[in-house]
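Colleague: Have a look at the structure that comes next, please.
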Amino acid sequence: MALSNLSSEQLDRLVEVYKALADPARIRIMALLSEGDLNGKEIAEALSLSQPTITHHMSVLRNAGLVTVQRVNTSHLYSQNLRPLLEMGEYLRGEERHERPSNESEKVWNDFTENGKLKSYPAQRKKRLYILERLSGLFSPGVKYPEREVNAILSQYHPDYATLRREMIMNGLMARDKGFYWILPHSDASHANEDDNGNGQHR
């Protein structure tokens with residue numbers, strides 16, 4: 001795919017990601033997170049910045065998908081997510097994204113589901129990603145969902161919706177902020193607009 005043939009969505013995504021990194025403090029935050037997960041207080045102390053300043057920077061990085069966050073007790077623990085940068089590199093090199101074979105994804109989905117529901121959760125990370133990407137397609141891009149709605153949608157496929165929700169965030173498929181969740185761009189969920197019972201995509 002030539003760079004000149006990028007869609008407007010892909011160009012917007014390039015701008016969003018690189019704009020998020022166009023600040024020395026945010027680059028330093030990404031460098032810190034490459035050494036391990038940190039909470040906001042730890043980041044603020046390491047960079048000698050105020051907590052409100054860190055909150056602002058983390059919001060920018062989260063919205064670009066460059067960090068993920070999970071709540072641990074009373075703190076928010078931030079993790080680095082380099083997936084958007086890998087995607088941007090592919091765009092700038094003019095490469096097509098290498099999508100997983102749909103037949104392999106379908107086989108994993110069929111092996112771990114019965115009557116449209118997850119009968120077990122894969123132990124192997126590669127297979128878990130197939131499942132998570134499939135489930136990410138249940139959510140409309142650009143729509144922010146309250147937690148109760150996310151739980152309601154995921155619980156239709158497995159009772160442990162909290163684990164599914166957490167893993168989608170940790171694997172860069174979903175972001176969370178102030179009780180709302182949304183799917184990150186280019187989550188490449190395969191054929192997930194309909195479930196095995198022929199039901200339409202949840203909105």
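Colleague: If we only count helices (runs of 4 or more DSSP H) wholly inside region 98-184, which ones have 1 or more residues that are over 30 Å from T55 (Cα atoms) and among the small types (G, A, S)?
Modeller: Here the list reads 102-112, 147-155.
Colleague: I've got another one for you. Specify which of the listed residues (P141, P185) is touching a Lys or Arg at 6+ places or on another chain (Cβ under 6 Å), modelled with pLDDT under 80, open to solvent by 40 Å² or more (accessible area, probe 1.4 Å) and under 28 Å from Q10 (Cα atoms).
Modeller: Step by step, each of P141, P185 is checked, and only P185 is touching a Lys or Arg at 6+ places or on another chain (Cβ under 6 Å), modelled with pLDDT under 80, open to solvent by 40 Å² or more (accessible area, probe 1.4 Å) and under 28 Å from Q10 (Cα atoms).
Colleague: Now, a different point. Provide a single number: the residues in region 97-129 that are closer than 19 Å to E87 by Cα and either at pLDDT 85 or above or open to solvent by less than 10 Å² (accessible area, probe 1.4 Å) (or both).
Modeller: Of the residues in that region, 1 qualify.
Colleague: Just the residues that are among the aromatic types (F, W, Y) and either under 18 Å from the mean Cα position of the chain (by Cα) or open to solvent by 30 Å² or more (accessible area, probe 1.4 Å) (or both), please, taken from region 144-165.
Modeller: Passing the criteria: Y145, Y161.
Colleague: Looking at S34, S48, S8 in this structure, which one is out of contact with any strand residue (DSSP E or B) (no Cβ under 9 Å at 6 or more places or on another chain) and over 22 Å from W182 (Cα atoms)?
Modeller: S48
The values are calculated or read from the model by the stated rules, or taken from the named source; none is laboratory data. It should be emphasised that the depicted structure is a prediction, and the values quoted were computed from it without experimental measurement. Backbone-built Cβ (ideal geometry, glycine too); neighbour counts: all protein chains shown. Heads up: the accessible areas ignore ligands, DNA and RNA and are worked out on the full protein's heavy atoms, side chains in. Shrake-Rupley method; radii C 1.70, N 1.55, O 1.52, S 1.80 Å.
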